[in-house]
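To keep things clear, I will list the structure first and then write my remarks on it.
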Amino acid sequence: MNYAILLSGGKGTRIGSDIPKQYISTGGQMMISYSLKTLIESNMIDAVYIVAEDEWREKISEDIKNADEIDLDKIKGFVAPGSTRQMSIVNGMKEIINAACDVSDNDTILIHDAARPFLSEALLNDCYKALSGHEGVMPVLRMKDTVYESKDGKTVSGLLKREEIFAGQAPELFLLSRYHKANMDLIPEKILAVNGASEPAILAGMDIAMIPGDEGNFKVTTDADLARFREITEA
């Protein structure tokens with residue numbers, strides 16, 4: 001089974017909005033519905049779990065129903081957000097494992113952010129193709145600018161090798177059993193310091209393949225990102 005977790009529990013504090021950014025409506029639907037639709041329509045994904053606060057769950061369901069005809073049966077449930085992004089992922093995996101009862105070594109978990117609305121079917125397919133022979137896959141973008149190191153955040157300490165620096169994107173794909181164990185090994189305290197979904201896998205020594213990311217698969221983080229999202233969806 002190929003499972004997916006869509007993370008939608010964030011507050012979006014860097015956006016000047018009265019509601020979390022992933023629930024802003026533009027182009028006829030909420031931001032979350034764009035990536036959710038792609039996940040549901042993917043032939044590679046069997047089941048989708050959504051991490052979201054209770055107050056938004058009915059709104060999400062109603063909004064996606066208004067989209068083109070899609071298989072809503074793929075949405076298997078909602079999950080309570082954790083204290084951090086990574087704990088939300090852990091909560092999602094717990095729900096999946098409890099529902100599945102028996103998880104095989106071949107089962108996978110794909111993790112995506114609702115704040116990355118322009119997930120493409122092509123990128124999804126590339127992730128699953130690249131998983132063969134590895135334990136995980138992460139799309140990355142090469143750095144275009146010169147990258148510097150600063151010990152104090154005020155002055156330059158050194159120059160990093162741009163060709164060795166990559167920016168990670170979601171979605172990230174892992175073998176479920178192996179990735180779940182990697183996270184459990186960090187509980188209760190170490191997991192709270194995790195910043196990216198691939199970090200527990202890397203700490204556990206999992207083999208994570210890198211594939212070319214997608215410039216269009218940007219994360220809506222700032223007001224400028226939101227303006228870009230609106231410009232694309234309202235065109």
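Worth pointing out:
- Elements of type helices (runs of 4 or more DSSP H) in segment 120-232, at least 1 residues being in contact with a Ser or Thr (Cβ under 9 Å, 6 or more places away or on another chain), modelled with pLDDT of 95 or more and not polar (S, T, N, Q): 121-130, 176-184
- Criterion (more than 27 Å from residue 200 (Cβ to Cβ) and assigned to a helix (DSSP H, G or I)) met by exactly one of 55, 95: 55
- On inspection, residue 82 does not qualify as surrounded by fewer than 22 Cβ atoms within 10 Å (Cβ to Cβ), among the small types (Gly, Ala, Ser) and more than 16 Å from the chain's Cα centre (by Cα).
- Residues located in segment 141-176, provided they are surrounded by 15 or more Cβ atoms within 10 Å (Cβ to Cβ) and more than 16 Å from residue 86 (Cα to Cα): 141, 143, 166, 175
- Any hit, segment 40-48, residues being farther than 26 Å from residue 126 by Cβ, in contact (Cβ under 8 Å) with a residue 40 or more places away in the chain and surrounded by fewer than 21 Cβ atoms within 10 Å (Cβ to Cβ): no
- Neighbours by Cβ (under 8 Å, 6+ apart or cross-chain): first from segment 99-122, farther than 18 Å from residue 135 by Cβ; second assigned to a strand (DSSP E or B) and among the hydrophobic types (A, V, I, L, M, F, W, C): 112/4; 112/5; 112/6; 112/7; 113/6; 113/7; 114/6; 114/7
The values are calculated or read from the model by the stated rules, or taken from the named source; none is laboratory data. The shown structure was predicted, so the numbers you read here are calculated from the model rather than taken from an experiment. Heads up, the Cβs are rebuilt from the backbone with ideal geometry, glycines too, and the neighbour counts pull from every protein chain shown.
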